[in-house]
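The values are calculated or read from the model by the stated rules, or taken from the named source; none is laboratory data. Here the structure is a predicted model, which means the values were calculated and not measured. Every residue, glycine among them, receives a Cβ derived from its backbone with ideal geometry; neighbour counts consider all protein chains shown. SASA here: full protein model, heavy atoms, side chains in, ligands and nucleic acids out. Shrake-Rupley method; radii C 1.70, N 1.55, O 1.52, S 1.80 Å.
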Amino acid sequence: NDQNDLYVWDRGRVLCDENGRAVRMVGIMESVTELKRLEDQFRQAQKMEAVGRLAGGIAHDFNNLLTTILGYSHLILETIEPDDPRRLDVEEIRKAGKRAAALTQQLLAFSRKQVIEPKVLEVNAVVANLDKMLRRLIGEDIQFQTELGSAGHIKADLGQLEQVIMNIAVNARDAMPRGGRLTIRTGSAVFDEAFIRQHVGARIGQYASIVVSDTGCGMDKVTKLRIFEPFFTTKDPSKGTGLGMAMVYGIVKQSEGYIWVDSEPGKGTSISVYFPRVQEEGLPLDPADAALALPGGSEIVLLVEDEDAVLSLVRGLLRSRGYTVLEASNAAEAVRISNDFIGPIHVLLTDVVMPEVSGRELADQLRQTRPDMRLIYMSGYTEDTVVHHGVRMSDAGFLQKPFTPDLLLRKMREMLDRPQDGMVM
């Protein structure tokens, strides 16, 4: 038997000699090795869930603050001449805001509460599309190869899937400071009843697999248990935040996938990621169109936001672009404004989570008298909270805080220019 196996005494009896002294025990011992392993998996899953809830819970306040910081720094830069010495200071503020926003998004990805746009993707096409970028990231001292198998199609957010592959690859590179070999393999797998008994949380089905293997330093058991924890890192603090693998874990779980790590000190690491396969055909991967600044407008906007700083920012931005803005800090005030205002209100721009009445409930109430009014929701909360308040992402325009002024203006024009019969109620 393996020296690491664990046993418990089940039942038996003591044998005595002719003088009544105990000389031996005869009985049955039961192995609890598998039970202990499953308990460890379950405790680890519980710990990750708890940290995820904490990460998602702080997102709202952070995102409201970052919306204000990014928004005002953008507006100030529009008024400062290129040679003004103050411009560099404001640009540094905006850069810091963007870095903070990126960290918040990484925490949201870990907590599985990031707003995503899943599409049907061909796994091999995504990996092949990343080939050149990965070779630049990894460097010439590491042999890099891809082995594309019959992975098929999955439904996931393209940007997040790319992030998963790149983050694992970068970690593999850092584990091979003196060079080595990095391999990315794609393929398929079937989880049957025997498999799910060995892996907590796994479900029966067909999966596409992406396996990233390296010949690096490997990990001991303690490191393997902590690899997906936010801010845990074995690297120098100047080389990472410890959020890369946490982000990978969250993205995989949010996509209803699974991830396992196989590693030993001195024997390299293999990280296997599995996503549920779908039968639909994916669209070709086209480069993203360059974002173009859109003009303002003359329409009337009812703005509802309970955070004063965000209300002031959005109001000023829309008015500077020609919109007429009616503002309210809560739903009751918005209803009064709508009832008293004579004339059309072209769009309702409202926060989702507000005291007493949610943005969705407000929209339903106002549309009883203004059925043609367009809707744009904005929220610093995460997707499950938004959906809990009755907002489906297909219902209307949606802005995830923190957003930039350009993004707000593009979304406003997108919704206002949408044909009336193309609206989703």
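Couple of notes before you dig in:
- Cross-link pairs exceeding 32 Å in C-alpha to C-alpha distance, out of K253/K411; K253/K401; K119/K401; K95/K221, comprise K95/K221.
- Summing charges over all other residues whose Cβ lies under 9 Å from the Cβ of L70, with Lys and Arg as +1 and Asp and Glu as -1, gives +2.
- Heavy atoms of E307: accessible area, 1.4 Å probe, square angstrom to 10: 70 Å²
- Taking amide H as placed 1.01 Å from N in the peptide plane, the amide H of G268 sits under 5 Å from that of G216, G218, each at least 5 places away or on another chain.
- Fraction of the pair-distance distribution of the range 127-228 above 24 Å, Cα-Cα pairs, percent: 33 percent
- For the pair L137 and V261, label points projected 7 Å from Cα toward Cβ lie 1.7 nm apart.
- Under 13 Å, Cβ to Cβ, from L15 - net charge with Lys/Arg +1 and Asp/Glu -1: +1
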